[in-house]
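After the structure tokens below, expect a handful of questions from me.
The values are calculated or read from the model by the stated rules, or taken from the named source; none is laboratory data. Treat the numbers as computed from the prediction; the structure is a model and nothing was measured. Every residue, glycine as well, gets a Cβ built from its backbone with ideal geometry; the counts of neighbours run over all protein chains shown.
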Amino acid sequence: MSQSPLDRADPPAMTAAGSAGSQADALWLGPERASRRLVVLHGWGADADDLLDLGRELVDGSVSLVALRAPWPHPAGMGRQWYDLQQPNWPELPESRVQLRARLEALGESVPLEATALLGFSQGAAMALDVGCGDGAGAAGLPLASLISCSGYPHPGWRPRQPLPAVLLTHGQQDPVVPYAASGALEEMLLAVGARVQRLGFAGGHGIDPALFEPIRAALAAGWA
């Protein structure tokens, strides 16, 4: 991910949530209970901490920031994955989808989903869209404040369903990992069901350009408003 470094003297305290003796499955910044929350989902081969700096660029310390860790180890031996992209038909996807929905609903007990924005990058963006906007298994979407997909793509069989949050799609026009056309397909599918969707392309590759920070902040503010 491409992003600018932080320059804050007093960052909010970070806590890790996980079972005893295991690596954390979620990282938290800011208050656990708040009027607003941003949940971030990392990409293939990254880990929960990958998008924390981005989250701190986008929201202030009054917002509950939660970075979820994908459930499966990456085959390279480092990082995590929501499912194995190298396996035919992505066999872990159905379970990962169910788990993510349950984790988001559990977070909704401390901050309502209506006050929760969901942001994902790459594979995390595909998961955010799948669970947040209705999934390929026929489940309804979640009543989120907004959804931000960065360099995302649609899962096979995915069909968005109303009611839907407002969706912002960002994508590098020279992305060598997830083709730029994938966000165009997402936009068409969302518009076809009457979703409020905006697509922002930028002259770059597989990442989140700092020039996108301001429009992402605006999308978050509009959802929370």
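Filter the stretch 54-76 down to residues that are touching a helix residue (DSSP H, G or I) at 6+ places or on another chain (Cβ under 6 Å) and among the small types (G, A, S), then give me how many there are.
Of the residues in that region, 1 qualify.
Being more than 22 Å from N89 (Cα to Cα), at pLDDT below 90 and surrounded by fewer than 21 Cβ atoms within 10 Å (Cβ to Cβ) is the requirement here; does Q173 meet it?
no
Can you give me the number of residues within the stretch 15-40 that are among the β-branched types (V, I, T) and at pLDDT 95 or above?
2
Here's something else I'd like to know. If a residue must be more than 21 Å from A218 (Cβ to Cβ), within 12 Å of the chain's Cα centre (by Cα) and not hydrophobic (A, V, I, L, M, F, W, C), how many such residues does the stretch 30-85 contain?
4
Quick one: in the stretch 104-145, which of the residues that are at positive phi and surrounded by fewer than 24 Cβ atoms within 10 Å (Cβ to Cβ) is nearest to the chain's Cα centre (by Cα)?
Only one residue tops the list, namely G134.
Among (1) at pLDDT 95 or above; (2) part of a loop (DSSP other than H, G, I, E, B); (3) surrounded by fewer than 20 Cβ atoms within 10 Å (Cβ to Cβ), where does G55 come up short?
Unmet for G55, out of (1) at pLDDT 95 or above; (2) part of a loop (DSSP other than H, G, I, E, B); (3) surrounded by fewer than 20 Cβ atoms within 10 Å (Cβ to Cβ): (2).
Can you say whether V167 is in a loop (DSSP other than H, G, I, E, B), β-branched (V, I, T), modelled with pLDDT of 95 or more and touching a Ser or Thr at 6+ places or on another chain (Cβ under 7 Å), as far as the supplied structure shows?
When the stated conditions are applied, V167 does not pass them.
In the stretch 86-124, which residue that is touching a strand residue (DSSP E or B) at 6+ places or on another chain (Cβ under 9 Å) and assigned to a loop (DSSP other than H, G, I, E, B) is nearest to G152 (Cα to Cα)?
Going through the qualifying residues, I end up with S122.
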